[in-house]
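*Asks:* Below: one structure in structure tokens.
The values are calculated or read from the model by the stated rules, or taken from the named source; none is laboratory data. These numbers were taken from a predicted model, which means no experiment stands behind them. Positions of Cβ are generated from backbone atoms using ideal geometry, with glycine treated the same way; all protein chains shown enter the neighbour counts. Side chains included, ligands, DNA and RNA excluded: accessible areas come from the protein's heavy atoms. Shrake-Rupley method; radii C 1.70, N 1.55, O 1.52, S 1.80 Å.
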Amino acid sequence: MGVDGVERVGLVGHGRMGSAYAGHLLARGYDVVVVDIDETRREAARAAGCNVVGDVADLVAAGPAVVLLSLPSEAAFDATVDALADAPRPAGTPTVVETSTLTIEAKERGRRRLAGAGIELLDCPVSGTSDQARAGDLIVFASGPAAALDRVEGVLDAFARTVYRVGDFGAGSTMKFLANTLVGIHNAAAAEVVAMAELAGVDPAVAVPVLADGAGQSRMLEVRGPGMATRAYGSGATIEVYRKDLAIIRGFAAGIGASTPLLDVVADLYQQADALGAGQDDPGAVHRVYVAAMPDPDGDDPASTNQLPPPRIASLGRKDLDEQQRQLWDAVRSSRRATTDAALGGTGDEGGLIGPFNAWLRSPKAGHAASEVGAALRFESQLDQRLLELATCIAGAHWKSNFEFVVHRRHAVGAGVSDAVLDAVERGEPPVFDREDEQAVYDCCRSLLDTARLDDATYDRVLDVLGEERLVEVVMIVGYYTLVSLTLNTFRVPPPAGTPPIWAL
């Protein structure tokens with residue numbers, strides 16, 4: 001028997017966090033009914049004593065008074081919300097509690113959808129690692145109507161150390177974003193200090209508890225510092241997941257006009273850690289970025305584990321060129337792209353062109369023609385900059401072109417493409433789009449890159465959204481940046497200075 005008259009709790013998502021919720025609820029006497037798409041997690045739920053059902057409709061039919069959601073993405077949340085809204089409710093209507101880190105816009109969309117079906121949704125994200133969840137050491141940022149929070153109070157208390165009621169629906173997510181901003185910054189700060197200790201000849205295993213007892217103490221130093229000291233970063237939330245969360249937080253910060261220079265630096269550190277192969281490690285593995293930069297004991301070079309091999313062709317200075325090559329050189333150096341991409345301007349008369357242009361100097365007539373096509377697409381297109389840069393990033397990621405993707409990702413973010421979308425493109429996963437035109441561009445590019453065709457249904461849908469002229473330009477962008485990407489990959493052009501590679505060549 002649970003508390004507050006609640007006997008049965010539904011749980012959608014029996015992953016690291018959800019399984020911890022379930023364990024505490026079972027220990028408090030609740031009957032827990034679980035839905036999960038993964039058979040291994042379903043078996044774990046059965047073994048723990050949960051009732052496992054086939055889908056959300058079955059879960060609702062079991063009659064839980066409260067349904068907890070612990071989901072990995074907005075797509076999973078949207079699908080679950082639709083299933084909850086459409087499910088028959090012969091045993092009554094549950095109160096639904098969303099505990100994940102998602103955008104406020106997605107949660108508000110889900111709230112409205114469920115409200116239309118007579119179901120109340122609460123925004124109650126949690127703060128803490130999966131280890132803390134298993135120890136009952138989570139904090140819940142609960143937001144929504146007071147009466148609904150009263151109904152779920154006992155359920156939340158079962159798996160949390162503290163439940164804070166922070167305001168109206170959405171305030172919980174806002175508080176989670178603030179908390180995770182501090183977590184990310186403190187975690188990176190701890191990694192930096194642990195690496196400094198090691199370089200200074202101080203045993204990090206000694207430094208961490210000493211520092212944690214002083215004015216520089218932080219929860220991240222206390223929780224993740226020991227793993228950093230031994231380079232055994234542990235399990236739990238992953239850097240890949242945390243990068244997703246950071247993208248959501250940065251979008252939120254941009255939406256309210258907040259200045260976040262520290263958060264921006266931290267987000268780049270986690271991207272570097274992912275590029276070093278730490279994507280599935282605990283966020284403490286951001287320490288690997290600092291390890292990679294440490295001097296090699298057998299030499300002076302950083303001991304990075306994911307360095308690209310050197311370029312295959314030498315950088316040409318202007319003095320090395322014949323007349324045709326100098327015409328291409330001067331055209332690139334004086335073009336609008338040299339202002340937009342400042343690094344293309346080189347460094348004085350001897351500085352080489354970067355990107356594909358150094359290679360194209362070897363074939364100046366074709367290189368000049370290709371350069372003109374690129375300039376026309378970038379600066380005279382009927383596509384707005386947001387869609388143009390999105391299409392460019394999709395092509396660059398498809399061909400695993402480090403330089404192309406890194407440079408144009410920056411432009412895409414500046415033009416309004418979300419970090420969450422670009423993270424998914426980088427990983428090769430379908431993004432969740434809020435804008436119909438971005439979805440159309442993605443579908444067009446993906447179909448062309450995957451099949452070299454647009455089937456009739458895709459063609460009609462994309463044409464309806466973009467129109468003929470813009471559709472033609474999307475096709476040309478895919479073709480042009482395929483040429484650029486293959487040039488960059490063939491000649492092993494590295495990403496811009498200071499940026500780690502995403503893909504090895």
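*Asks:* Given the C-alpha centroids of the range 383-456 and the range 98-164, what is the distance between them in whole angstrom?
*Replies:* 33 Å
*Asks:* Oh, and also: Please get the size of the charge dipole for the range 12-105, origin at its Cα centre, with Cβ charges of +1 on Lys and Arg and -1 on Asp and Glu, quoted in debye to the nearest 20.
*Replies:* Around 480 debye, computed over the range 12-105.
*Asks:* Would you mind getting the accessible area per residue of the chain, heavy atoms of the protein chains only, 1.4 Å probe, in Å²?
*Replies:* About 44 Å² of surface per residue is accessible.
*Asks:* Could you work out how far the C-alpha centroid of the range 240-301 sits from that of the range 23-83, in angstrom?
*Replies:* 32 Å
*Asks:* Nearest 0.05, what FRET efficiency do ALA205 and LEU262 give at R0 = 35 Å with Cβ-Cβ as r?
*Replies:* Between ALA205 and LEU262 the formula returns 0.80.
*Asks:* Moving on. At 0.36 nm per residue, minus the direct Cα-Cα distance, what do LEU178 and GLN280 gain on full extension? Give it in nm, one decimal, please.
*Replies:* Gain on extension, LEU178 to GLN280, equals 34.3 nm.
*Asks:* According to a simple spin-label model (label point 7 Å from Cα along Cα-to-Cβ), what is the distance in nm between GLU469 and GLN327?
*Replies:* 3.1 nm
*Asks:* Related question: Please report the antiparallel percentage of DSSP beta bridges with both residues in the chain, rounded to the nearest 5.
*Replies:* Counting DSSP beta bridges with both partners in the chain, the antiparallel share is about 15 percent.
*Asks:* Nearest 20 debye, what's the magnitude of the dipole of the range 54-138 about its Cα centre given +1 on Lys and Arg Cβ and -1 on Asp and Glu Cβ?
*Replies:* I would put it at about 200 debye.
*Asks:* Collect residues whose amide H, placed 1.01 Å from N in the peptide plane, falls under 5 Å from the amide H of LEU71; neighbours closer than 5 in sequence don't count.
*Replies:* The answer is THR99, SER100.
*Asks:* Same structure again: Dipole of the chain (Lys/Arg Cβ +1, Asp/Glu Cβ -1, origin at the Cα centre): which of PHE159, PRO295, LEU114 lies farthest to the positive side?
*Replies:* PRO295
*Asks:* Moving to a separate point now. I'd like the carbon and sulfur percentage of the solvent accessible area for the range 88-175, probe radius 1.4 Å, heavy atoms only, ligands and nucleic acids excluded.
*Replies:* Answer for the range 88-175 is 51 percent, counting heavy atoms of protein chains only.
*Asks:* Relative to the present Cα-Cα distance, how much length would full extension add between ASP58 and ARG89 at 0.36 nm per residue of separation?
*Replies:* 10.2 nm
*Asks:* Hey, can you grab everything whose amide H is under 5 Å from the amide H of GLY167? Only 5+ residues off in sequence or another chain; H modelled, so Pro and N-termini drop out.
*Replies:* For GLY167, whose amide H was placed from the backbone, the distant partners under 5 Å are GLY144.
*Asks:* Another question, then. Return the sequence-ordered ³J(HN,Hα) values of the range 266-277 in whole Hz as given by the Karplus equation 6.51 cos²θ - 1.76 cosθ + 1.60 applied to θ = phi - 60°, using x for Gly and Pro.
*Replies:* Per residue, the Karplus-derived 3J(HN,Hα) values read 4, 4, 5, 4, 5, 5, 4, 4, 4, 5, 7, x Hz.
*Asks:* Which ³J(HN,Hα) values, rounded to whole Hz and listed in residue order, are derived for the range 446-458 from phi using the Karplus coefficients 6.51, -1.76 and 1.60 in 6.51 cos²θ - 1.76 cosθ + 1.60 with θ = phi - 60°, glycine and proline given as x?
*Replies:* These are the phi-based 3J(HN,Hα) values: 4, 5, 5, 6, 8, 10, 6, 8, 10, 5, 4, 5, 5 Hz.
*Asks:* About its Cα centre, how strong a charge dipole does the chain have in debye, to the nearest 20, once Lys and Arg get +1 and Asp and Glu get -1 at the Cβ?
*Replies:* So the dipole magnitude of the chain works out to roughly 360 debye.
*Asks:* Whole-Hz Karplus ³J(HN,Hα) for the range 185-190, in order, using 6.51 cos²θ - 1.76 cosθ + 1.60 and θ = phi - 60°, x for Gly and Pro?
*Replies:* 5, 5, 5, 5, 4, 4
*Asks:* Quick check: at a probe of 1.4 Å, how many percent of the accessible area of the range 187-270 sits on carbon and sulfur atoms?
*Replies:* C and S atoms contribute 61 percent here.
*Asks:* Per the 1.4 Å probe, what fraction of the accessible area of the range 402-505, in percent, lies on carbon and sulfur atoms?
*Replies:* 53 percent
*Asks:* Here's a follow-up. Using helices alone, what [θ] at 222 nm do you get for the chain, with -39,500 (n - 2.57) per DSSP H run of 4 or more residues, divided over all residues and rounded to the nearest 500?
*Replies:* Taking each H run of at least 4 residues, the total per residue is -17500 deg cm²/dmol.
*Asks:* Which three extents, in whole angstrom, do the alpha-carbon atoms of the range 128-227 cover along their principal axes, largest first?
*Replies:* Here the spans come out as 57, 24, 21 Å, largest first.
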